[in-house]
1. Using only the alpha carbon atoms of region 102-253, find the Kirkwood hydrodynamic radius as the inverse mean reciprocal pair distance, in angstroms to one decimal.
2. With r defined as the distance between the Cβ atoms of residue 175 and residue 123 and R0 fixed at 22 Å, what FRET efficiency is calculated, to the nearest 0.05?
3. Per q in 0.16 Å⁻¹, report the Debye log10 I(q)/I(0) for the chain, using one uniform scatterer on each alpha carbon and no solvent.
4. Go ahead and run the numbers for FRET between residue 296 and residue 137, Cβ-Cβ distance against an R0 of 22 Å, rounding to 0.05.
5. Modelling each spin label as a point 7 Å along the Cα-to-Cβ direction, I'd like the residue 83/residue 111 distance in nm, to one decimal.
6. Between residue 285 and residue 22, what FRET efficiency follows from the Cβ-Cβ distance if R0 is 30 Å, with the result rounded to 0.05?
7. For region 203-265 and region 110-175, what is the separation of their Cα centres, given in Å?
8. Can you tell me the orientation of helix 237-249 relative to the chain, as the angle in degrees between its alpha-carbon axis and the longest Cα principal axis, to the nearest 10?
Ligand code: PAF
């Protein structure tokens, strides 16, 4: 099928599968279904509690592939001690209704016991890329992400896998793993989907109190301020980071955890004049909720 751009979310795929998607709950069942459904297949891995950002990935996959599989698995291996694994929002009934409506062919819903049975001890580590930013703030997080994504790929055998650009470091880690391990999967990055006020969609936005939710668009506003300076010719890395800090500092409910301006591919922090594609990213805390956002500067 011809590739669709991010702007083509509305492209219709095949009509929804009569009776809704098949639900597969173990790696063996997923692999069997895949053997019975050869050919090109698009895959959208998720942790559930679906929002329009996920559904945009599904629409793109359906537009570009004759078959689409979505996984829902809240992966314990990517949460650190004291993080929000237990309280991570879950609503399987609603998710399945949305996926049925979206016309996906199969939903892969493995249990933690199927994914990590007793005796489990094999993990994937992408080395340098995971040392900074979210990797430094959340030790072990990307080891859990890379491991589960490889396991999901092994079960689903996708032709293409769709990831949002919001989790910018995750996208780069997965791309690196795919290259390094010669995985026969095309990783397709998709644009960030935002609320009308600019807040990037995330399942974790539900944690925000009404006051915090009202203040949260400051995150995007800080990136917009840096984007405007960049468009006007500003190229000094520290000045661009300072612009972000200044906008966040003006919002009393927001606490900046970090802002980074890094090489777009290696994620090494940049100093002085920015001469190559760069990723401006930040994490802002509203109470105990961490909001991530980013902007690619090229
Ligand atoms: O981005 C996510 O939702 C998760 O990190 C992923 C890729 C589904 C792996 O658990």
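1. On the way: mean 1/r = 0.0544 Å⁻¹.
Result for region 102-253 stands at 18.4 Å.
2. Numbers: r = 19 Å, r/R0 = 0.85.
My answer for the efficiency is 0.75.
3. Values, matching the q order: -1.40.
4. On the way: r = 20 Å, r/R0 = 0.93.
Taking R0 as 22 Å, the efficiency between residue 296 and residue 137 is 0.60.
5. For the pair residue 83/residue 111, the computed spacing is 2.4 nm.
6. On the way: r = 40 Å, r/R0 = 1.35.
That gives a FRET efficiency of 0.15.
7. 26 Å
8. 90 degrees
Quick note: the coordinates plus some simple rules give every number you see, no bench work behind them. Predicted model only: the values in this text are computed from it and were never measured. Neighbour counts run over all protein chains shown; Cβ positions are idealised from the backbone, glycine included.
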